[in-house]
Amino acid sequence: MGWRLSISPVICALFAAAFLASCEGVVDDVKESPTAQLVGLVQDQPCVITPREGRRLAGAYLRQPVAALGFDPVFIDGRINRRGLKKNIQFDDTAIRRLRPLDDDGFKGSRKSEATARSGFGPTDQLPNVYDLNYRTKKVNYQGPLVVGPGPAATEIPTTGKAVFTGPVALQLHAFDDEGGLTTQEVQARFRFEAGYGSGRGSFTIFELPTDGRVTFSELTWTELFLCGARFVSSGQGEVQVSVSGARRYPFQTGREPVPLRASFEASQFAPMDRPGPPQSFGGILIIESDLGTISAVFLSDDPPEPAPEAASE
């Protein structure tokens, strides 16, 4: 299955009010670009699934400039082409041309672009999947994890009940030491996501983290995520906490006062191979940034969802 890809900015409400003016300017610039007009970038990514979106790609990309420690979570949109691998892909205001497959389940194209399937997330020859995507635009090199797969149609998303998705997660912790140096740890764990279709809310938990000291917490939870079309997103809402020695606290908190954070959660449900049918996969990215460090993660479920226990609350 070939595919054509475009990437658009995440909703400005994810950021603090001080950043709104600059964020709106970036969004306006992208909307006015030829590529945005070509792929039909919708304003403010409304939580509505049009009939054609059931035949399109969905997902998320955690983009990072290679030369800087900074992250930009972006929403994935694109077109599935069943006749073969598309020659070009689009994201932002950049066209990557002469796209060709790699031997190790990825693709390579112009502008030094390359995406390779990441191991540990199931079969690498099908969608949905997790890639490490690198590309260059406007003399800046970018990198980061990409989660992409077929988006469901509006009629395939339940409007009542609950479902639980589980699977692997790759988590990175960037922290500054006492001398100002940066340390980076990457660990593998598991996640559990409970989707409440009746309430339109979701809760996310990372567990089975290693206990060898590479990370300082044993669990991370994100509650009050909300259903946005086929996606579950934070959009500045919800509460993020970690478990340290059995106590619940905010990320990077060392005393009684919580540390100011900027956090974003962007994930999509993915359609099954046999359609129509309810979503059978769930995956995305998250980023939690503070002055003391950064937590980022990419995740993708590896089993069909299970009904949530009746005793659980939405």
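Read-outs: derived from the displayed coordinates by stated rules, not from any lab. Quick caveat: nothing in here was measured; it's all calculated off a predicted structure. Virtual Cβ from ideal backbone geometry, glycine too; neighbours counted across all protein chains shown.
Points worth noting:
- Here the range 159-300 has an Rg and Dmax of 15.9, 56 Å, counting Cα atoms alone.
- Sorting 70-76, 274-280, 209-215, 300-306 by average packing, meaning the other beta carbons within 10 Å per residue, from highest down gives 70-76, 300-306, 274-280, 209-215.
- HN-Hα J in Hz across the range 179-184 - Karplus 6.51, -1.76, 1.60, θ = phi - 60°, x for Gly and Pro: 9, x, x, 9, 10, 10
- Legend: ranking of residues Tyr131, Tyr197 from fewest to most surrounding C-beta atoms inside 10 Å; resulting order Tyr197, Tyr131.
- Residues within the reach of a label modelled at Thr254 (point 7 angstrom out along Cα to beta-carbon, backbone nitrogen below 14 Å), restricted to the range 151-178, are 175-178.
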